[in-house]
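> My questions all concern the structure below.
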Amino acid sequence: SFQNEINEVPFFDVQLPYELALKIFRYLGRAELGRCAQVSRTWKILAEDEVLWYRLCQEEGYLLDMSISDHSCWKLALKNCRARERTLKYNWKNRIGAVSQLRYELGKVLCDVHSWDGVVIAGYTSGEVRLWDTRTWDYTAPVLEAVQGPGDAGPRPHVSFVRINSSLAVAAHEDGTVSVWNLLLGREPIHHYQHNQKIQALALGPEGAAVATASGFEVKVESPDDRGFWHTTATFEIQKLVNFLNLVPDVTGSPVAVAAAEDIVYLLKAEEPGKVLHSVYGQPVTCLDVSAQEAAFGIKTFGWLLNEPNQILLYNLETNQCLTKVGNSIGDFSCVNLHDSPPHMLVAGNKDRRVRVFDLRRGESVCSLYAHQLGVSAVQMDDWKIVSGGEEGLVCVWDQRMGTKLWEMHARHPVRHVWFNSHSLITANIPEERNPRGSSSTDDDPAVHRKYRGIIYSYEFSGEQLAGDSVLPICRSSYDELTGYSYNIGLAVPYDSI
């Protein structure tokens, strides 16, 4: 080919070797390379070299897991990635997409929901734990089996907490039992342990295989050894009851946990006694989130000092020093998201009904949105949008730079879980009341009306997945289901699977 014959590239009044010319072109962006391609035939071949476009693709954050040999035309690959991103942004802004409800059978009230990369886990008052993989359009919901002891004939206790990550699912029940499942190995739990009292907090890192639970004045960390046998890695005695518990992500070696117990924040490392990260008497912690190097938490001041209202503190977990204090609000900070936010940014929701975004380098608020009618209960942001959920049941999607609301969605119960990635959004409205009474005082009917049960929504904004999703959920179920209700009769598609 002509490219193989090029040894010298004309650069004005000198001839440069091809490799040297390529190094110069590496400093150019997309637009400059396009202009250079119009100069001459030689420059066109140089400006469309795969190495240049592969590097541009990687620098813009696309196809990071691919090598240069995986595509024959990297210029086209970058063009397609940018077009897909524009389409997704347009769909998000205009609410174009498919929405599904992840429903479960009658008489089960939703207790807790968590998700990881489109896989949703939900725990119910029946004691059952369900999984949905929303990345496939015909998703079904397998039930994760519990460990059955000899005396387990009666109804199982409510689920208190559920968590999921790339490989594990964990559920804690009201009676202090904790079950761990491996998502690759099926529905039987791989590990099971018990606390003597009710569990107040459960933590599972985004990656890795460690589980932390807090019950009474004890925090337990469980993880498998090199051969895959689970054991208690560490147990910590704490003076106060734990309200919030997180495992620090991306830790090599033994797991590290951060626990907030009333007005004390602890850093808990195995083989070391619990270290107090922060403690101010009479200033309880109201929310907590942890990234690989930092911990952010809201504190409530009760207004003894009018010059120091409620704030969010950011601590470095290596040095144990307070890096910055942000926010001066009268209301308590009710949720904070540090881990999923862009670098040096943090988003927090407050009981004063506002969502605030902070720039941690400058230590100040970038934007403040009057978001909800009651307090903000869940929040997440990326580089251009914010999704917030409120106690009144409203989910709002915001354009962060414009500070404007794009759209909202309402359901009956408080929003307790919000998660999104580039193309999908998962929200969960979880009832405060776990045992809603029937219409009469004697009527504790297990078949609770569906409006009391809580709801999980899954939104899909990407165009290529909408073809399958345009089939309504009522028409998706197959005919091998044992139970059916008037709203879930299910028409099979395609019809030859009847």
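The values are calculated or read from the model by the stated rules, or taken from the named source; none is laboratory data. Everything quoted here is computed from the prediction, not taken from an experiment. Note that we place each Cβ from the backbone using ideal geometry, even for glycine, and neighbour counts take in every protein chain shown. Accessible surface is based on the protein model in full, side chains and every heavy atom, while ligands, DNA and RNA are left aside. Shrake-Rupley method; radii C 1.70, N 1.55, O 1.52, S 1.80 Å.
> Only one of these is more than 25 Å from VAL280 (Cα to Cα) and out of contact with any helix residue (DSSP H, G or I) (no Cβ under 6 Å at 6 or more places or on another chain): LYS220, LYS240, LYS198. Name it.
LYS198
> Looking for something modelled with pLDDT under 90 and either surrounded by 22 or more Cβ atoms within 10 Å (Cβ to Cβ) or out of contact with any strand residue (DSSP E or B) (no Cβ under 9 Å at 6 or more places or on another chain) (or both) - is there at least one such residue anywhere in region 112-119?
No, region 112-119 contains no residue that is modelled with pLDDT under 90 and either surrounded by 22 or more Cβ atoms within 10 Å (Cβ to Cβ) or out of contact with any strand residue (DSSP E or B) (no Cβ under 9 Å at 6 or more places or on another chain) (or both).
Table: residues versus (1) in contact (Cβ under 8 Å) with a residue 40 or more places away in the chain; (2) at positive phi.
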| residue | (1), (2) |
| --- | --- |
| GLY216 | no, yes |
| GLY228 | no, yes |
| GLN239 | no, no |
| PHE244 | yes, no |
| VAL256 | yes, no |
| ALA260 | no, no |
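> Output the number of the condition that HIS231 fails; it satisfies all remaining conditions of (1) modelled with pLDDT under 90; (2) of a type outside the set (D, E, K, R); (3) open to solvent by 30 Å² or more (accessible area, probe 1.4 Å).
Among (1) modelled with pLDDT under 90; (2) of a type outside the set (D, E, K, R); (3) open to solvent by 30 Å² or more (accessible area, probe 1.4 Å), the lone unmet condition for HIS231 is (1).
> Would you please list the contacts, defined by Cβ atoms under 6 Å and residues six or more apart or on different chains, that run from a residue in region 179-203 that is farther than 20 Å from GLY216 by Cβ to a residue that is small (Gly, Ala, Ser) and surrounded by fewer than 16 Cβ atoms within 10 Å (Cβ to Cβ)?
Taking only residues 6 or more apart or on different chains, the pairs are LEU183/SER167.
> Residue by residue through region 250-269, note down the ones that are closer than 26 Å to ASP226 by Cβ and open to solvent by 10 Å² or more (accessible area, probe 1.4 Å).
Taking region 250-269 as the starting set, the residues that turn out to be closer than 26 Å to ASP226 by Cβ are 250-258, 267-269.
Correct list: ASP250, VAL251, THR252, GLY253, SER254, PRO255, VAL256, LYS269.
> Also, quick follow-up: What pairs come out if I take residues in region 353-373 that are over 14 Å from MET402 (Cβ atoms) and without any contact (Cβ under 8 Å) to a residue 60 or more places away in the chain and pair them with residues that are of a type in the set (A, V, I, L, M, F, W, C) and surrounded by fewer than 16 Cβ atoms within 10 Å (Cβ to Cβ) whose C-beta lies under 6 Å away, six or more apart or interchain?
Note: pairs meeting the criteria are ASP359/VAL366.
> While we're looking at this one, here's another question. Name the one entry in ARG361, ARG354 that is of a type in the set (Lys, Arg) and within 22 Å of the chain's Cα centre (by Cα).
ARG354
> From the residues in region 355-367 that are modelled with pLDDT of 95 or more and under 22 Å from GLU408 (Cβ atoms), which one is surrounded by the fewest Cβ atoms within 10 Å (Cβ to Cβ)?
VAL357
> Can you work out which of the residues in region 48-103 that are polar (S, T, N, Q) and over 30 Å from VAL129 (Cβ atoms) is farthest from the chain's Cα centre (by Cα)?
If we filter region 48-103 for residues that are polar (S, T, N, Q), which is where we start, we get 58, 67, 69, 72, 80, 87, 91, 94, 100-101.
From what is left, the residues that are over 30 Å from VAL129 (Cβ atoms) are 58, 67, 69, 72, 80, 87, 91, 94.
Values: GLN58: 24, SER67: 28, SER69: 32, SER72: 34, ASN80: 26, THR87: 22, ASN91: 20, ASN94: 22 Å.
So, considering only residues that are polar (S, T, N, Q) and over 30 Å from VAL129 (Cβ atoms), the one farthest from the chain's Cα centre (by Cα) is SER72.
> Looking at (1) over 20 Å from HIS114 (Cβ atoms); (2) out of contact with any Leu (no Cβ under 7 Å at 6 or more places or on another chain), can you tell me which one TYR315 breaks?
Answer for TYR315: the failing condition is (2).
> While we're on this one: Using the structure shown, decide if VAL379 is more than 27 Å from ILE456 (Cβ to Cβ), of a type in the set (Val, Ile, Thr) and out of contact with any Lys or Arg (no Cβ under 7 Å at 6 or more places or on another chain).
no
> Within region 383-437, restricting attention to residues that are open to solvent by 30 Å² or more (accessible area, probe 1.4 Å) and among the small types (Gly, Ala, Ser), which residue is farthest from VAL366 (Cα to Cα)?
Within region 383-437, the first condition is being open to solvent by 30 Å² or more (accessible area, probe 1.4 Å), and the residues that meet it are 383, 391, 401-406, 408-410, 412, 416, 419, 421-423, 432-435, 437.
Of the ones still in play, those that are also among the small types (Gly, Ala, Ser) are 403, 422.
Numbers: GLY403: 10, SER422: 22 Å.
Checking each candidate, the answer is SER422.
Conditions tested, residue by residue: (1) open to solvent by 60 Å² or more (accessible area, probe 1.4 Å); (2) under 24 Å from ASN316 (Cβ atoms); (3) under 23 Å from the mean Cα position of the chain (by Cα); (4) not aromatic (Phe, Trp, Tyr).
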residue: ALA209; (1), (2), (3), (4): no, no, yes, yes
residue: ASP226; (1), (2), (3), (4): yes, no, no, yes
residue: VAL242; (1), (2), (3), (4): no, yes, yes, yes
residue: VAL248; (1), (2), (3), (4): no, yes, yes, yes
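> Ok, one more. Filter region 157-188 down to residues that are open to solvent by 10 Å² or more (accessible area, probe 1.4 Å) and either touching an Asp or Glu at 6+ places or on another chain (Cβ under 6 Å) or outside any strand (DSSP E or B) (or both), then give me how many there are.
Counting residues in region 157-188 that are open to solvent by 10 Å² or more (accessible area, probe 1.4 Å) and either touching an Asp or Glu at 6+ places or on another chain (Cβ under 6 Å) or outside any strand (DSSP E or B) (or both) gives 14.
Yes or no, residue by residue, for (1) of a type outside the set (Gly, Ala, Ser); (2) surrounded by 13 or more Cβ atoms within 10 Å (Cβ to Cβ); (3) at positive phi:
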position: PRO284; (1), (2), (3): yes, yes, no
position: PHE302; (1), (2), (3): yes, no, yes
position: LEU314; (1), (2), (3): yes, yes, no
position: THR324; (1), (2), (3): yes, yes, no
position: GLY331; (1), (2), (3): no, yes, no
position: PRO342; (1), (2), (3): yes, yes, no
position: VAL347; (1), (2), (3): yes, yes, no
position: ASN350; (1), (2), (3): yes, yes, no
